[in-house]
Every structure is written in structure tokens, then in C-alpha cells.
Amino acid sequence: MNKKVSLKDIAQRVGVSTTLVSYVLNNQKENRIRKDVAQKIRDVAQELNYRTNQIAKSLKTKKTFTLGLIVADIANPFSSSLARIIEDEADRHNYTVIFGSSDENPQKSRKLIDTLLKRQVDGLIIAPPDGAASQIADLQRHHVPFVLIDRYFPDLKTSYVALDNCAAVYAAVDHLIDRGYRRIGLVTLQSSLYHMNERKRGYLAALKDRNLTFHKHWLKEISPDILKPEIERATDDLLAGPQPVEALLFTNNTVALHGLKYLQSLRLRIPDDLAIVCFDETDALDLFYTPITHIRQPLREIGQQATRILLETIDKTNKITQVNLQAELVVRESTSQMVSKLVHGR
């Protein structure tokens, strides 16, 4: 059996102290060490196939240098992009990320939290599902370092990084009104989650502030359990009757993709027959025949800030940091001026 390579072995090969080798391999006091010496130590460590004794390191630092990340659905482009950003930012601080998907299920979320804590992660970044408030309160009671991401519970004083969802949708509806649209529909998910209700609030506030009468049938809240048929039914309702909606806003990317597929099957001309705004930016939007106006979330900033805040929280467990970021409305051809509809007789 091959002898395990130690710091002393590397030090003897390079001709330096074991303390200096430890500093270099743990990225400490780099500004005090000559670059050529540091590089020589790393080269010899690689040549000897040196592996850090993580158990010993953890006992000394009381850290495992791992973070747990729980997203809603890693297959969703929003979640996967966010996970990659967090993974890259954590790596910059010499941390590894272990992640899983809750699938918007509170039971699965609790199981993932328990599993990650048993693996001794130093802290958690969580996009909590509906019904997970008690889980978050438990983490607080047990002084587990964590940061909520994308959504949070306003009744709980926790660290979070999220979007100002109300302002984001308000700006989108305001844009549609400025373009001449008056009958504006919203297709959203049935949810008690704060961020989804904030999107609905932004929609209603924009209509009210612009003195447009809200009609109840313009707002469609659909069940996430039977997404596709409910989106189709909601779209049919919104486009029916003597005064169909002139514009539609989809409040998340999964709803938007199902909605756009269905609109394409109806052979509607976008924006001549109907203007469209989608929440979130995904590559799939580029496959639609008309460039889609969308609400772009600052994903990089969300992921990087959440990671940095968690690392600060690990060292100061009582520290609370709350961040609400602004979205960007990316205006494209799907919300052209309303005047174009006059040419088509609407």
C-alpha cells in the first residue's frame, strides 16, 4: 500500500518549512510568499499526488467547506443557471456545493435539509417551497446558517436575496399600457408563496394607478399539478368573447413556455393578434418566431450575493442580511405599439 503523502514530504522536496507548505496549499498569507516558491510547492504537491486530509482540516477549523443548495427544480433553466453561479462563487472561496431539488414539495424539502445537515454542510442556500415556513423557523431555532434565495417568508426575519417582484411586474404592465394596450391578462400559479403574490400585486397596482378597470376574468391562477391543460383552458377563456385580452403576461418561465406553445398551435400572430410578456429569460424564448419581451432577473447578482452572505453568516450566525434586487424589462417585438393592431381591424 502506497504511503500517504504528507506536508512534510512536500516541504523536504522543496526545501521549505511545513508551515509554509500549509499556508500555500490552504491559500493563506499569499501576499507574503514569493510567487515562484508558492508555484513550486503546488507543482510538487501535484507531482506527489497530495490530497488534503479533509477530516483533520475539519476538526481543526470546525468547517467542512461544503454548502448545501436546495432549488425548486434543477431541470428548470432558472434553477440550473442559479446553481451554476452559486457553485462558481463558492469555488472562489474554496467551498464545494451539494445540491438537490425540492420539486416544490415541502416533505422533500425537509428530507433534503436533514440529509445535508447530516453531511455536516457549513450552511444552506434554500429556495423554499410553499408550506416550508416551519422548516425555516426550525433552522433559526437551531442556529443553522442559511440564506433564502428567490423567495422568502415576510413574517420570518431571515437573510434572503430576492427580486422586487411587485416592481418587476408593475413595470411590465406599465410598458404595455404605454404601448396602447388596455385589456391585459395575467396567467400565474396558484400559490401562497410571497414572491408569486407580489407579482400579482404588481399587476393589479399598475392597472389601478393607470386608471384601468380590472376585470376578474383577466387574472388566471392555475394549478401547478395540471399545468398544461389549465394553461390552455385559461388562454382560451382570455381570448374568448367580444372583448378578448389584447396582451398577456406569464409570471414564470414554465407557464410561459407552455403558453407560447399553445398560442403557436392557435396560429395567432404575435404581436398583431396578441402582445406577450414573459417572466425570466431562457434560451427557449429564442425559438419562438417573434422575439419576446421579458423580465430579466439579475441571476449572477442573486447567486453571488446569496453565497457571500451565507459565508458571512457562517462566521456570524446572528447576522441578518436582506436584499431585494431590481429586474430589467427587456423590450422586444412581442409588445410592439398597439397602432399595429388598427391595421388588422382590431
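The values are calculated or read from the model by the stated rules, or taken from the named source; none is laboratory data. Everything numeric here is computed off the predicted structure, so don't read it as measured data. Ideal geometry is used to build each Cβ from the backbone, glycine not excepted, and the neighbour counts take in all protein chains shown.
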* Within segment 172-208, which residues are within 21 Å of R296 (Cβ to Cβ), among the basic types (K, R) and part of a helix (DSSP H, G or I)? -> R199, K200, R201
* Asked: In this structure, is S223 more than 22 Å from V330 (Cβ to Cβ) and either surrounded by 14 or more Cβ atoms within 10 Å (Cβ to Cβ) or in contact (Cβ under 8 Å) with a residue 40 or more places away in the chain (or both)?
  -> no
* Output the residue which, of all residues in segment 285-323 that are in contact with a His (Cβ under 7 Å, 6 or more places away or on another chain) and assigned by TED's automatic domain parsing to the domain that holds L124, is nearest to D122 (Cα to Cα). => L311
* Asked: Can T282 be described as under 19 Å from the mean Cα position of the chain (by Cα) and outside the structural domain of P244 (by TED's automatic domain parsing)?
  -> no
* Of E281, E301, which residue is of a type outside the set (A, V, I, L, M, F, W, C), within 19 Å of P77 (Cα to Cα) and modelled with pLDDT under 90? -> E281
* Going by the conditions given, is I136 within 24 Å of P77 (Cα to Cα) and of a type in the set (V, I, T)? -> no
* Which one of R119, R110 is basic (K, R) and out of contact with any helix residue (DSSP H, G or I) (no Cβ under 6 Å at 6 or more places or on another chain)? -> R119
